[in-house]
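I have placed the structure first, in the form of structure tokens, so that the comments after it can refer back to it.
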């Protein structure tokens, strides 16, 4: 069985907001170490990977590995019924087809109970190899959100170039083009500043609609890390106290 | 002309 007590429902609400438009149904894999989710979007271009560590919960118990198949739209609706600062308790029995959620109000005696149907999901999981990336960029997550939103007005794709100069985001639309250069900030470390580590010049092109989607996770962390190597998927990572959310995005490559 | 690659061409199934 699973019983997990989260100090604030906000984390789950924000996580669901970050993935619900990318993925329709997914398995939350629960085990004694915590809760993990890995899911690809329908077109198999992007993958989201979530980890919530057992230590991030006020109380956590999971006796044996338990996949909780969830429709993310339904989960989002049920979580909307929780206030951000409610304590959130999720429970599932072994082989159950129901997930129960309890929201305890912080400053009153209000206790709300909801139940959600679980489903069997036959999803492909992928082996993601450990990669030594050629470039790592760490920047304020709000800055990343602004860049991808701004450039998505101009065109469908962004070219990301990491060089000695810094990291440059380039959009070449049909009617307009633009580019944004971020230099490493020497006097300011993350979360406010930008750090760039580079072993090799990197130049990759990605679809902006996915990056705009990933940027929703800025509600979970003030810092985002971009990890890039030529001709491999981009890793966009947001770390927060209880775990992380990571996105992988396949590049666009010339024939 | 660039072509969108699939993640499956980078990451294998376990």
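The values are calculated or read from the model by the stated rules, or taken from the named source; none is laboratory data. Model, not experiment: these values are computed from the prediction. Every residue, glycine as well, gets a Cβ built from its backbone with ideal geometry; the counts of neighbours run over all protein chains shown.
Listed values, structure above:
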quantity: Residue that is surrounded by the most Cβ atoms within 10 Å (Cβ to Cβ) [pool: residues in segment A:216-232 that are away from chain B (no Cβ under 11 Å) and out of contact with any strand residue (DSSP E or B) (no Cβ under 8 Å at 6 or more places or on another chain)]; calculated: A:216
quantity: Any hit, segment A:6-26, residues being over 30 Å from residue B:5 (Cβ atoms) and out of contact with any strand residue (DSSP E or B) (no Cβ under 8 Å at 6 or more places or on another chain); calculated: yes
quantity: Candidates A:235, A:211, A:204, filtered to the one that is within 14 Å of residue A:135 (Cβ to Cβ), more than 11 Å from chain B (Cβ to nearest Cβ) and modelled with pLDDT of 95 or more; calculated: A:235
quantity: Test: residue in segment A:140-154 that is without any contact (Cβ under 8 Å) to a residue 40 or more places away in the chain and part of a strand (DSSP E or B); calculated: no
